[in-house]
Each structure stands twice: as structure tokens, then as C-alpha cells.
Amino acid sequence: MAFLVVIFLASSILATDPPKPSPFEALSSSGLNHYYSLEYDEAVRDFQRAAELNPEDPKAWNHLLEAVLFRELYKHDALDTSLYTHQSFLSTKQVPADAAVKQKIKDLADKAIALADKQLKNNPQDVRALYARGVAKGLRSTYLALIEHAWFAAVRNSLSARGDHEQVLKLQPGFTDAKTIIGAHNFVVGSLPLPLKITIGIGGVRGDKDKGLQYLEEAGKAGGESSADARVALALFLRREERFQDAINVVHTLVQEHPKNFLFALEEANLTKDAGKGPAAVTALRSLLEACKAGKYPQAHTELAQYALGESLRGQGQYPEAIPAYEAAGHSNSINQELRQRSLVSAGEVYDILNKRDAAMKDYRAAEALDSSTDEADRARKRMSKPYKGR
């Protein structure tokens, strides 16, 4: 994934107004504002128009590619970072993207890469073309991993993206944006045990978690086009390292910069819970849901916050209060069936804790009925055969 922002360089010497942005720049800026507010339809519209103005610019097509890809991922709740803090996401079902959308994503990635290749054929040291090609490969890797579950192809593309951006830094060491993909790749590879690296065919590829975090921090603070992307990855990896307060500090900057972004606000609340600040997390999640009702987050997927609230209340031993939150997520109209199932099974477990077996069985059956083939359905059947006794 690569979140993109526009760089504005202001004159610091002459007391004159900045030059009026070109139509391409204005559309790109508007698209980015919509993108960071999760207003993906509007972002796609603006990026499409920008790309039509500069059809030979691979960066323009990367903007459109990213908006189309992340619109689909958000539609299916696949941008909830809690999914990626453990390995179980590897066994989750593919995102059931529409065939036409999948083809659109593949075509846009191919177009951006082809345009970058064309520029590099004329000038092999064109750092902007190298950077754009690496971004397109990185986005294609995200698509292959999260939508297709084509792990080996995703790894190949991520390796190639890292190679392009390492070449960018060799040619122009100050091109800090290139450190985002390199940093993320360093952390991921540095976290893998050798047997797994060999299994996925990267046994000889080196990674360094500390270097990865350092690169992401540098890119996040630089204010370049990958600044937000770098901070999202940095916060996720800090969370995996259980450096929760550091992650909160990073995400808070994103919340401040993008006040309409529901996902950033949700992430800050979830990190508060993970940091062991249960009461504060409950307060934050309730405030978030109230803000959603008030219209602050018009593109909110409130089922994510309801499930998180259920988890936080359960963690505080507030079992009766947790059930309505879980059931609100479970009975939502979300197309994310596994989240709904997880919520209903969790509600059933809490009913079992309260010795309300009939109510628990009702939620377990409802969870299984949504999709009998998932891991969550297996968990529901296990709970139906024997009451849950944990906490």
C-alpha cells in the first residue's frame, strides 16, 4: 500500500504569493484530500481527470491505481490494521473483489509500469521514473497479497519494488520517499524466521528490523509524498513490537492531519486498548461512535468500532455492556462476513460467561449461518458443542 501526498515548496525569501497550481496539480491535490478522508469515489474522479491531463506521467496513474485499489479494500474492511498484527490473516479468505475491479487494478499497474519503463529506456538513471515504477510494483504486490492471496507473486513484486527504490537512493541519496518501501521490506524480512524465508523463496534476502523502523521514521517526518504511508507502516510495526505508546504518538499525527479519516481515529483508540489503557479506550471508542452519528466521519464503517468497543469492554470485565457492541457489529449490514461472525461468536462467549446458554447458542447459530466454511464458523460450532468457560 502507498498513501500519497502532494509536496508544496513555498518561497521563503520574497514576500510574494505562491504561483497558482496547474490544473493537474489542483486535481491531484483535491484527489489527495478526498483520498485521506476515505472519499474514494471523489478521489478516483479527480485522479482520473488528472491522469487524462498528463497521460504520460506514471505517477498520475499510480494515484488512480491506489485510489481504486484502496477503495475496494476499504469496501471489504481489509484496511483494519488489527488484521495484520498476527499471522492469521494469511489463512483468511480472499477479498471478494468484483472481476471488473480486479482487471482495472491490474491494467492500471501495468500502465504505470509500462510508462516508467518507457522513460527509463530513454534515461536509465531517471530517479522519478524509477521511483514511480517501484510504487506501482508495491501497489501490485499489495493487490496480489490482499485480494488474490498470490503470495509468491506478491513477494516477487515487493522485492522488485525494493530494488527500484534502492537504486533511487544510490542515484539520489536525499530522495527520502524511497525509504518507505525499503524500510517496510527491511522490517518484514527481518521479522521472518529463516525457514519461512526459504519457503517463500527469499532465503538470501536480508532484512533489518531496526533499519526498517529508522527508514520509516525518516520518511514519515520528511513530509514527502510517502509521508503518510510511512507512518501507517511505522505504527503497524511498532504495534507488532508492542511499542504501543510510540505507535500512538505516530498515529496521533495522522489523526491531526486528516480529521475526517475514520480509520486513523479507530487505530488510535485500538492502540490505546493494546497499551493496557482499557477505560481510556472505551471512552475513545464511544466518542468515535458518537462522532460517526453526528456525521463527522461520513465514510465510517462503524462495525469496526463496535467490535473494538466490545473487545475493550470485555477486557474490562464489563460483560453485559460488551454484548450490545458485539451484536451491533454482528448484525450490521457489512459485507465483511468474517468480522460479523467473529462479533457474534464473541457475543456468544460473553453470554456463556454470564451463564446465559440459550442466548449464546442463538449467536453461535447466527454466526455459522453467515458462512459455514470459515474459521469463525468452526469456532462457533466448537462453542455450540461445549459452553465457553474462558474470560
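For the range 312-342, taking the residues that are at pLDDT 95 or above and of a type in the set (D, E), the one that is nearest to A377 (Cα to Cα) is identified as E327. Please go through the range 347-358 and pick out each residue that is part of a helix (DSSP H, G or I) and loosely packed, with under 15 Cβ neighbours inside 10 Å. The answer is R357, D358. Just name the residue that is surrounded by the fewest Cβ atoms within 10 Å (Cβ to Cβ) out of those in the range 138-176 that are of a type in the set (F, W, Y) and farther than 16 Å from L108 by Cβ. Among those residues, the one meeting the criterion is F152. Enumerate the pairs (first residue in the range 154-167 and closer than 14 Å to L139 by Cβ; second residue anywhere and at pLDDT below 95 and surrounded by fewer than 21 Cβ atoms within 10 Å (Cβ to Cβ)) with beta-carbon separation below 6 Å, excluding pairs fewer than 6 apart on the same chain, so at least 6 apart or on different chains. So the pair list comes out as A154/A145. Taken over the range 241-260, the criterion of being crowded, with 21+ Cβ neighbours inside 10 Å and in contact (Cβ under 8 Å) with a residue 24 or more places away in the chain is satisfied by A247, I248, V250, L254.
Scan the range 308-318 and tell me whether some residue there is closer than 27 Å to Y40 by Cα and surrounded by 23 or more Cβ atoms within 10 Å (Cβ to Cβ). Yes, the range 308-318 has at least one match. Assuming G174 fulfils every condition listed in (1) modelled with pLDDT under 95; (2) part of a loop (DSSP other than H, G, I, E, B) apart from one, which condition is it? Unmet for G174, out of (1) modelled with pLDDT under 95; (2) part of a loop (DSSP other than H, G, I, E, B): (1).
When the range 105-126 is filtered for residues that are in contact with a helix residue (DSSP H, G or I) (Cβ under 6 Å, 6 or more places away or on another chain) and in contact (Cβ under 8 Å) with a residue 12 or more places away in the chain, the ones remaining, listed by number, are I105, L108, A109, K111, A112, I113, L115, A116, Q119, L120, Q125.
If you go through the range 188-228 and keep only what is outside any helix (DSSP H, G or I), touching a Leu at 6+ places or on another chain (Cβ under 8 Å) and among the charged types (D, E, K, R), you end up with just E225. When T283, T302, T272 are checked against the criterion of being surrounded by fewer than 23 Cβ atoms within 10 Å (Cβ to Cβ) and either within 20 Å of the chain's Cα centre (by Cα) or in contact (Cβ under 8 Å) with a residue 40 or more places away in the chain (or both), T302 stands alone in meeting it.
Restricting the range 295-335 to residues that are part of a helix (DSSP H, G or I) and touching an Asp or Glu at 6+ places or on another chain (Cβ under 6 Å), which is farthest from G278 (Cα to Cα)? The extreme case among them is A329. Filtered by the rule that a residue be crowded, with 17+ Cβ neighbours inside 10 Å, within 13 Å of L285 (Cβ to Cβ) and not aliphatic (A, V, I, L, M), the range 319-346 gives a lone residue, Y326.
The values are calculated or read from the model by the stated rules, or taken from the named source; none is laboratory data. Only a predicted model underlies this, so the values are computations on that prediction, with no experimental measurement involved. Here the Cβ is made from the backbone with ideal geometry for all residues, glycine too, and neighbour counts use every protein chain on show.
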